[in-house]
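S.K.: Here it is, the structure, as structure tokens.
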Amino acid sequence: MKKILIANRGEIALRVIKTAKKMGIKTIAVYSEADRNSKHSRAADEAAFLGSSPSSESYLNIDKIIACAKERGADAIHPGYGFLSENATFARKVEENGMIFIGPSPYSITIMGSKLEAKAAVKNYNIPMVPGTDQPVTEINKAKEIASSIGYPILIKASAGGGGKGMRIVESEADFESQMSRAVSEAISAFGDGSVFIEKYITSPRHIEIQILADKHGNTIHLFERECSIQRRHQKVIEEAPSSILSPELRNEMGEAAIKVAKSCHYSGAGTVEFLVDESNNYYFLEMNTRLQVEHPVTEFITGIDLVEHQIRVARGEELSILQTDLKIKGHAIELRVYAEDPEKNFLPDIGELKQYEIPSGDGIRVDDGYEQGDEIPIYYDPMIAKLIAYGNDRHSAIANLKFAIDHYHISGVATTLKFGKFVCENKAFIDGQYDTHFINKYFSPEALIDENEEMAAAIAALKHYLEQQKKLKLIHHQNDNWLKRMKK
Ligand code: ADP
């Protein structure tokens, strides 16, 4: 493998370029109109223009990307995450055009791309699953019957769902019909597939996922867990490894279960098996993501393994060079996704220019980003600016390091999740490791972000201004008095 095209943008394109460079592999970046002068397009050995800014005309344009790769002599394509990374047709076309897709086979992607097919595939492997249906539900009365036999609250989910979309919580039978029709129409408009199914709604879950690596020779290992329970809109904002609730036995058991899930679809490459863990530490298989995950750096910190390097090695047919017994957890890592979102406005995405952009640095601090000062955050793509990852010898020092890094990360021009990250680092439930996926609803309110020091500084400035105005007024009165006195004379 001499040249890789990276079919992605921003921080993840830069992340792949970094490892490719280390391995002596040449890189081709692709870019859209909005990314014409972006950091990622400048960092690769070559850059190819894809088309106008909307993803459909650039980063999702399969034929154009494959044509660019062939024209420039790439022998492999890395899809990153998002965009075409879980598109089986793309993976197949890459192979049909004589190149290597750095990821699993189209077969594995297809199976795990459908939550229902995934459940069917793992059925014979004795993996605990959230109680629910394993077939799409269509007939409303039958669906209601199933829901009441599972017991409310339940969750209606789109089989083709992703990114936290296509999920509806139903608290009682009275709401079932309306929520189901909403779920179906949402699933059709977002994914072009209206299949929905029912799952028990786990009321106080933690989202814990296992990183796996598999080669094409039947070897599969796991690289422990990541805890991703700090979420908004069912999507992750903060992730950490290891989880503060897993015992070594449970970690081992869930790791073994994840390996079985990977084997159920003949997986190769890096992948993530997601579980929900309830209050009694029962775990349930949720889904498998067949790509590199956004939050992979926390795993890299605690294992010392470069996941992109192993993706590339496996893709070129090498056997895994690491054994399960070689792996040990060392220290603790936490990642904050720095989004251009306003936590004070329900995490509403923001756009604009990064007027000030200064990143922190120091021991155990890693910033994976795709922007520079003066760049615009485009409206066309995911609003993530960067990932800030902090490492420490233990959880306590990782939290302290993250707080330090947040204090030294200076962004102005757009609202960001940095202040929210600081709030989490200072929250008792988080510090104690006692939290679930409802953390934001339970503990966070915009008022919590009001910085007392900032408030005090603003109050002092206002008082100063007031006193100065008073002084000026007195002076004017004094002058007027003198003038009057003179006039009277
Ligand atoms: P997506 O593919 O859209 O990311 P997932 O199935 O991975 O959807 O779930 C995303 C999040 O939604 C989980 O991390 C969790 O917070 C919540 N969730 C999903 N299924 C359940 C469930 N059965 N009970 C409670 N929460 C759930």
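The values are calculated or read from the model by the stated rules, or taken from the named source; none is laboratory data. Just so we're clear, the structure is a prediction, and the values are computed from it rather than from any experiment. Every residue, glycine as well, gets a Cβ built from its backbone with ideal geometry; the counts of neighbours run over all protein chains shown. Surface accessibility is based on the protein's heavy atoms, side chains included, excluding ligands, DNA and RNA. Shrake-Rupley method; radii C 1.70, N 1.55, O 1.52, S 1.80 Å.
S.K.: Go through (1) surrounded by fewer than 19 Cβ atoms within 10 Å (Cβ to Cβ); (2) in the same structural domain as GLN293 (by TED's automatic domain parsing) and name the single condition ALA214 misses.
M.R.: (1)
S.K.: Okay, next question. Can you run down the residue pairs with Cβ atoms below 9 Å, 6 or more apart or on separate chains, where the first is in the range 218-241 and closer than 18 Å to VAL273 by Cβ and near the ligand (Cβ under 9 Å from one of its atoms) and the partner is among the aromatic types (Phe, Trp, Tyr) and at pLDDT 95 or above?
M.R.: Matching pairs, first to second residue: SER229/TYR435; SER229/PHE439; GLN231/PHE439.
S.K.: Would you mind finding the one in PRO153, PRO131 that is over 17 Å from MET180 (Cα atoms), in contact (Cβ under 8 Å) with a residue 24 or more places away in the chain and within 15 Å of the ligand (Cβ to nearest atom)? Explain how you work it out, then say what you get.
M.R.: Values: PRO153 fails: over 17 Å from MET180 (Cα atoms).
Being over 17 Å from MET180 (Cα atoms), in contact (Cβ under 8 Å) with a residue 24 or more places away in the chain and within 15 Å of the ligand (Cβ to nearest atom) holds for just one of PRO153, PRO131, which is PRO131.
S.K.: How many residues are more than 25 Å from the chain's Cα centre (by Cα) and more than 23 Å from TYR371 (Cα to Cα) when one looks only at the range 21-71?
M.R.: Of the residues in the range 21-71, 11 are more than 25 Å from the chain's Cα centre (by Cα) and more than 23 Å from TYR371 (Cα to Cα).
S.K.: Let me ask something else. For the range 228-336, list the helices (runs of 4 or more DSSP H) that sit wholly inside it and hold at least 3 residues that are buried (at least 20 other Cβ atoms within 10 Å of the Cβ) and β-branched (Val, Ile, Thr); which are they?
M.R.: On the way: elements: 248-264, 296-303, 307-315.
The qualifying helices (runs of 4 or more DSSP H) are 296-303, 307-315.
S.K.: Still on this model: Considering the range 85-108 alone, what residues qualify as being hydrophobic (A, V, I, L, M, F, W, C), open to solvent by less than 30 Å² (accessible area, probe 1.4 Å) and touching a strand residue (DSSP E or B) at 6+ places or on another chain (Cβ under 9 Å)?
M.R.: The first filter runs over the range 85-108 and keeps only residues hydrophobic (A, V, I, L, M, F, W, C), leaving 88, 90-91, 94, 99-102.
Add one more test, that the residue is open to solvent by less than 30 Å² (accessible area, probe 1.4 Å), and what stays is 88, 90-91, 94, 99, 101-102.
The answer is PHE90, ALA91, VAL94, MET99, PHE101, ILE102.
S.K.: For the range 159-205, enumerate the residues that are touching a Ser or Thr at 6+ places or on another chain (Cβ under 7 Å) and within 9 Å of the ligand (Cβ to nearest atom).
M.R.: Once the filter is applied, which keeps residues that are touching a Ser or Thr at 6+ places or on another chain (Cβ under 7 Å) and within 9 Å of the ligand (Cβ to nearest atom), the range 159-205 yields only PRO205.
S.K.: Related question: Quickly run through the range 266-282 and pick out the residues that are within 16 Å of the ligand (Cβ to nearest atom), in contact (Cβ under 8 Å) with a residue 60 or more places away in the chain and not charged (D, E, K, R). Walk me through it before giving the result.
M.R.: Residues of the range 266-282 that are within 16 Å of the ligand (Cβ to nearest atom), as a first pass: 271-282.
Those left that are additionally in contact (Cβ under 8 Å) with a residue 60 or more places away in the chain: 271-279, 282.
Across the range 266-282, the qualifying residues are GLY271, THR272, VAL273, PHE275, LEU276, VAL277, ASN282.
S.K.: Go through the range 342-387 and report how many residues are of a type in the set (A, V, I, L, M, F, W, C), part of a strand (DSSP E or B) and over 16 Å from ALA415 (Cβ atoms).
M.R.: At the first step, the residues of the range 342-387 found to be of a type in the set (A, V, I, L, M, F, W, C) are 347-348, 351, 354, 359, 365, 367, 377, 379, 384-386.
Subsequent filtering for residues that are part of a strand (DSSP E or B) retains 348, 365, 367, 377, 384-386.
From what's left, over 16 Å from ALA415 (Cβ atoms): 365, 367.
Qualifying residue count for the region: 2.
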